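Engineer: Quick one: the structure is below, and I'll ask about it shortly.
The values are calculated or read from the model by the stated rules, or taken from the named source; none is laboratory data. This one's a predicted model, so the numbers in the text were calculated from it and none came from an experiment. Methodologically, a virtual Cβ is constructed for each residue, glycine included, from the backbone with ideal geometry; neighbour enumeration extends over all protein chains shown.
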Amino acid sequence: MPIPDVSAPAERQLLADGLYRSLLDAIVDGTLLPGETVSDASIAVWAGVSRTPAREALDRLALAGFVVVTPRHSTRVAPLDEAAHLDVLDALGAIAVGATEFSVRVATAAERSRVLTSASADGVGLFAPDGLFGTVIAVHGDPYVRQTWDDFVLHARRHWTLRPESTPPPLHGAARHAFDDAVQRGDGPAAADIIDAWFTPLAGER
Amino acid sequence: MPLPSDPGTARSSDSFRRHAFERLYEAIYDGTFTAGEAVSEEELARWLEVSRQPLRYALLRLEQYGLVELLPGRQPRILGVDERRLNQLFVLRGMFLNRTLPRVVPKLSDVDLATLDRHMDEIRAGAAAGAWAWMTEALFELFAVLVDADGNRVISERLRRTQYELTDFLRPSDRARFDPGVFIAQVQTLVDAARSREPTSMRAAIRAITDDTFERYRTQHRSTSV
């Protein structure tokens, strides 16, 4: 039986990527709790891999802010930080408002109808790819904006999962009607104002 | 080849990571690599004389700065900074600055305003002397005064990340890309708006700068998404 050459770089890379995604999911959905210790050795045992991909996955999580290395060189899942969460929401607001202003102004008829049919009945769902904000970001179309948005959404989702009382409200009723009207008119600034008004109380006093 | 994987050598492993990151970062800018080039990790590790771990770390950091593309199962690709990338950086900066700068204006102290003036003088002096690094540094310090006064640490960290690449934009070899006179006038309108202490003036000043960026995105770089 041929022995798989796990030292081939492409193979190792896939391993490290898969591991990173699994750990990220576990942190975002709260399976790994804030403050929990995650060592490359324990991850290697848990995932049945060597320490090299485990270490790399941890490095990536640290660069993304999901784990922190303590002064004594142990690695822990990043603690929940209320102030940082509000900053993340405010940063998401900056992107959502900017993308709305642009997207609504330049959208084609097809793009406009995609925004009009996007989901907004659930606060967390607004941030999903088919949610109102996710759709506006997709219509905006810039990959760097999208990547930054996705990074921040993961942090926010983790907070909402672990602290359900902080879950954001939906965007419905009069606000959604006014938003849809603005989209139909192609009025970017008016649509952006509605998104701004939704984010401002959420992100706290500035 | 050094093998810094032993947990007991954390310090020296940090220094290999730093070496790999800095050397690779320089190589992207000094033309050792060309934009779009794919390079094998083995080759890079040999060239940098580091093992795989510090190399991976360096590549991951460069990916964060948008200088390298890492896709599963493929060789790392050097992206470099081209017009499209610069526009992306300015688009994101525009979104963050539009949000933070107008609301920070009423919070600025007299000391902050004096600091803005000082950085403005430095920018002018740097441009006049053709000292681009000096000018760039003063420019980023000027923005830092405004963004730090706002206090959103997540946004200020993201803006700082974009500066690595924008520094390159302002290098002498790229002088043809922009007119320092226009650029200085734009920054001066921000400082004037800060002095007015009126959010609406700041909003207008920021818009005057970002409208151009967003329009360039729409006409030159946006690919239809739906």
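Engineer: Going through segment B:168-214 one residue at a time, which ones are touching a Leu at 6+ places or on another chain (Cβ under 6 Å), within 26 Å of B:Arg85 (Cβ to Cβ) and at pLDDT 85 or above?
Structural biologist: B:Ala205, B:Ile206
Engineer: Just to be sure, is A:Ala99 touching a Phe, Trp or Tyr at 6+ places or on another chain (Cβ under 9 Å), small (Gly, Ala, Ser) and farther than 20 Å from B:Ser156 by Cβ?
Structural biologist: So A:Ala99 fits the description; yes.
Engineer: Hey, can you tell me all the residues within segment B:125-142 that are at pLDDT below 95 and either within 14 Å of another protein chain (Cβ to nearest Cβ) or within 18 Å of B:Ala194 (Cα to Cα) (or both)? Show your work before the answer.
Structural biologist: In the first step, residues of segment B:125-142 are kept if they are at pLDDT below 95; the result is B:125-141.
B:Ala138, B:Leu139, B:Phe140, B:Glu141, listed by residue number.
Engineer: Here are some conditions: (1) farther than 23 Å from A:Ala156 by Cα; (2) in contact with a Lys or Arg (Cβ under 7 Å, 6 or more places away or on another chain). A:Leu63 meets all but one. Which one does it not meet?
Structural biologist: Tallying (1) farther than 23 Å from A:Ala156 by Cα; (2) in contact with a Lys or Arg (Cβ under 7 Å, 6 or more places away or on another chain), A:Leu63 fails exactly one: (1).
Engineer: When residues of segment A:63-108 are filtered for being in a helix (DSSP H, G or I) and more than 10 Å from every other protein chain (Cβ to nearest Cβ), how many remain? Before you say what the answer is, go through the steps one by one.
Structural biologist: Initial filter on segment A:63-108 (in a helix (DSSP H, G or I)): A:63, A:82-106.
Adding the requirement that they be more than 10 Å from every other protein chain (Cβ to nearest Cβ) leaves A:82, A:100, A:104.
Qualifying residue count for the region: 3.
Engineer: Given the residues A:Gly123, A:Gly93, A:Gly131, which is the only one that is in contact (Cβ under 8 Å) with a residue 12 or more places away in the chain and in contact with a strand residue (DSSP E or B) (Cβ under 7 Å, 6 or more places away or on another chain)? Before the answer, list the steps.
Structural biologist: Working: A:Gly123 fails: in contact with a strand residue (DSSP E or B) (Cβ under 7 Å, 6 or more places away or on another chain); A:Gly93 fails: in contact with a strand residue (DSSP E or B) (Cβ under 7 Å, 6 or more places away or on another chain).
Exactly one of A:Gly123, A:Gly93, A:Gly131 is in contact (Cβ under 8 Å) with a residue 12 or more places away in the chain and in contact with a strand residue (DSSP E or B) (Cβ under 7 Å, 6 or more places away or on another chain), namely A:Gly131.
Engineer: Residues that are within 9 Å of another protein chain (Cβ to nearest Cβ) and surrounded by 14 or more Cβ atoms within 10 Å (Cβ to Cβ), at least 2 per element: which helices (runs of 4 or more DSSP H) completely within segment B:25-113 meet that?
Structural biologist: By residue number, B:52-64, B:83-104.
Engineer: Restricting attention to segment B:117-136, report how many residues are crowded, with 19+ Cβ neighbours inside 10 Å and in contact (Cβ under 8 Å) with a residue 60 or more places away in the chain.
Structural biologist: So the count comes out to 2.
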